[in-house]
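A quick write-up on the structure given underneath.
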Amino acid sequence: MIVCSCTMITSRDIAEAVSALRTADPFVVLTPGLVYRQLGKRPSCGSCLPLITKLMVAYDEEGLSGASGGTRRPVEEA
Ligand code: FES
């Protein structure tokens, strides 16, 4: 699912970025800006930031398995 239409970031990209950030530093404070930086992109309009924040928290709690739709709880649309 495309989450950010400005930079074409997908939900899978966010899950992988969260995993990479957690692996590099288990105590990192995750922010949408950090996820963008991990992906080598910058937000443009910012309208996706609330959804990116929700996905980031969900994937951080449930790991990459949450990205495949397994037992992940649904994330409310922004
Ligand atoms: S939709 Fe993500 S920055 Fe515009």
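The values are calculated or read from the model by the stated rules, or taken from the named source; none is laboratory data. Worth saying up front: this structure is predicted, and the values here are computed from it rather than measured. As a convention, Cβ positions derive from the backbone with ideal geometry for all residues, glycine included, and neighbour counts pool all protein chains shown. These area figures cover heavy atoms from the full protein model, side chains too; ligands, DNA and RNA do not enter into them. Shrake-Rupley method; radii C 1.70, N 1.55, O 1.52, S 1.80 Å.
Structure values in brief
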| quantity | calculated |
| --- | --- |
| Sparsely packed chymotrypsin sites (Phe, Trp or Tyr not before Pro) within segment 1-62, loop by DSSP, other Cβ within 10 Å at most 14 | PHE27 |
| Cut-off under 5 Å, modelled amide H: who pairs with VAL3 long-range | ILE9, THR10, SER11 |
| Gain upon complete extension [ALA24, SER5; 0.36 nm per residue less C-alpha separation] | 4.1 nm |
| Exposure of ILE52 as accessible area (Å², to 10), given a probe of 1.4 Å and all protein chains | 0 Å² |
| Solvent-accessible surface (1.4 angstrom probe) belonging to LEU39, in square angstrom, nearest 10 | 50 Å² |
| Mean separation of Cα contacts under 8 Å, 6 or more apart, over the residue count of segment 2-68: relative contact order % | 42 percent |
| Heavy-atom accessible area per residue - segment 2-68, 1.4 Å, Å² | 55 Å² |
| Environment charge at GLY33 (Cβ cut-off 11 Å; Lys +1, Arg +1, Asp -1, Glu -1) | +3 |
